[in-house]
Amino acid sequence: MKNDKSTLTEIFPKGEKGPSETFTGSAYPTSLVASDSIYNTLVGNVYFEPGARSHWHSHPAGQILIITDGVGYHQIEGQPVEIIRKGSVVKCPPNVRHWHGASADLGLQQLYIIPNTEKGIVNWNEAVTDEQYSINKK
Ligand code: MN
């Protein structure tokens, strides 16, 4: 496989680059379904360019990720880095610190689903260091 972010084809609007307070590198989060009182669910997309990742964070009601393209990592604190790629579906339990993002060589496109938003959406913490990002990778 050619390790080039240009191999990824955007499915959803790319939107604006996410802020450095919550992302390292170039990540583009976009809301696709706003939460309302009927569904209490948020759905959105994030494009991560190679090397980009979220800061450590947790979701009061948990999160489901569906990977639509590329290769990346998902790590729940205290557990090894999990490699995620197109077709991966990942659950992260409520109130568990974790991060997710692209691999160093290939970008990642992921849908996120946050249920039960009446409990809250996301609590952001510190950045994932380069050492944390690079450790445990094959
Ligand atoms: Mn998350």
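The values are calculated or read from the model by the stated rules, or taken from the named source; none is laboratory data. Note that the coordinates shown come from a computational prediction; the quantities given were computed from them, not determined experimentally. Note that we place each Cβ from the backbone using ideal geometry, even for glycine, and neighbour counts take in every protein chain shown. What goes into the accessible areas is simple: the full protein's heavy atoms, side chains included, and nothing from ligands, DNA or RNA. Shrake-Rupley method; radii C 1.70, N 1.55, O 1.52, S 1.80 Å.
Observations on the structure shown:
- Per residue, the accessible area of region 15-120 comes to 43 Å², computed with a 1.4 Å probe over protein heavy atoms only.
- Each pair of Cα atoms in the chain enters the Kirkwood radius, and Stokes-Einstein at 10 °C and 1.306 mPa s then converts it into a translational diffusion coefficient of 107 µm²/s.
- Max mean-square fluctuation residue, GNM over the chain, Cα-Cα springs under 10 Å, options G18, G87, G70: G87
- Solvent-accessible area of the chain (1.4 angstrom probe, protein heavy atoms only): carbon and sulfur portion equals 53 percent.
- For the chain, a simple Cβ point-charge model (Lys and Arg +1, Asp and Glu -1, everything else neutral) yields a dipole of about 340 debye relative to the Cα centre.
- Candidates G78, I67, S54 compared by Cα position along the dipole of the chain: farthest toward the positive end lies I67, with charges placed on Cβ.
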